[in-house]
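Shown next, in structure tokens, is the structure this report addresses.
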Amino acid sequence: MRAVVYDEYGAAPRVAEVPDPVCGPGDVVVEVHASGVCRSDWHAWRGHDPVPLPQVPGHEWAGVVVETGAAVRRVRVGERVTAPFVCGCGVCALCRAGDAQVCEDQQQPGFTMPGSYAERVLVPAADTNVVALPDEVTTSSAAALGCRIATAHRAVVAHGGLGEGQWLLVLGCGGVGLSAVLVARAVGAHVVAVDVSAAARERALELGADLALDGTDLAAVAARVRDHCGGAHVGLDAVGSAALVRTSLHSLRPRGRHVQVGLLLGDDAAASVPMDLVVARELAVLGSHGMPAVDYPALLDLVATGRLDPAALVGRVVGLEAAGPALAAMDEPAAQAGITVVDPRV
């Protein structure tokens, strides 16, 4: 089959012939119809998140099942499906409890195994990880669900407990940040969005943010948020920055919740947290890592009923030949307008 491959970190991704996925007893093979180009793919390609080389990137996708293993019971050939970017083993205590996103024997397409910038992708432990798509959810829209929107939904709703009438502070208006804006509006919450890019702030407002603030002056952000709404109920670092962590915590009202989604790298990995503030205001600091398949129904219901439109984030659809350049273009994230979706059939 044809797939996008990179042989070294930072090397130009190329389209090549690679072996078809081998379907094990509990696995399924899916023909990929859409795969989102995500910043996490860029991190792996740049070597920030080490992966086996050579590697086929891509971890948020949707398509049609073309092969099932002999032990698969819940998934059928011909079904339109997606899957979380974290695929649990399906048999450990965490998976059985519905927490496959933190399975200690997890696999991740594009990171630990070949990904979805390809004509086909393998889904291990399919009965645990595969999610059937309702007719109301388009394939290109579903490509955004596997990482960005699913991650944002779990972060702000499941972990953050964001509810109707509450305020969400989104720090960083890239894929996850803008997805969080959509999710917040879908559940009836208000949003303050922060980014250094004027175009990103404008996009956040178009998607429903109530207020957009310039992130070049973080010292002023917390004061402005607390003055505007009395402090956020939930703060989300969608970038990965020690400075944003502290800004979020200083922006929260008492009993507020900070959720960390952005990957903290280098010196930021040891981000100092103002624990005096955490104690005094009884703040919660939470990490969030994707979303398990068992939590998808609530998210898909928002999409199927029209309250959340993932298609609003899709900027363009390209073929495999344009996937590598699209990934490399993330070196300049401010230049990106919406999600690039790769359709291997184009």
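For this structure, a couple of remarks:
- Cβ-Cβ FRET estimate between residue 97 and residue 301, R0 fixed at 30 Å, reported to 0.05: 0.85
- By the Kirkwood approach, averaging reciprocal distances over each pair of separate Cα atoms, the chain gets a hydrodynamic radius of 20.2 Å.
- Segment residue 14-residue 2, extension gain: residue separation times 0.36 nm, minus the distance between their alpha carbons: 3.3 nm
- When each full DSSP H helix of the chain is screened for a Cα extent of at least 15 Å along its own axis and an average Kyte-Doolittle hydropathy of at least 0.0, the helices passing are 175-186, 218-229.
- Measuring between their Cα centroids, segment 86-151 and segment 263-279 lie 29 Å from each other.
- Two-site FRET efficiency, residue 271 against residue 206, from Cβ-Cβ distance with R₀ of 35 Å, rounded to 0.05: 0.70
- Sulfur and carbon atoms: percent of accessible area, the chain [1.4 Å]: 53 percent
- If the convex hull is drawn through the Cα atoms of segment 244-346, its volume per residue in Å³: 174 Å³
The values are calculated or read from the model by the stated rules, or taken from the named source; none is laboratory data. Quick caveat: nothing in here was measured; it's all calculated off a predicted structure. Backbone-built Cβ (ideal geometry, glycine too); neighbour counts: all protein chains shown. Please note that ligands, DNA and RNA were not included when accessible areas were found on the heavy atoms of the full protein model with its side chains. Shrake-Rupley method; radii C 1.70, N 1.55, O 1.52, S 1.80 Å.
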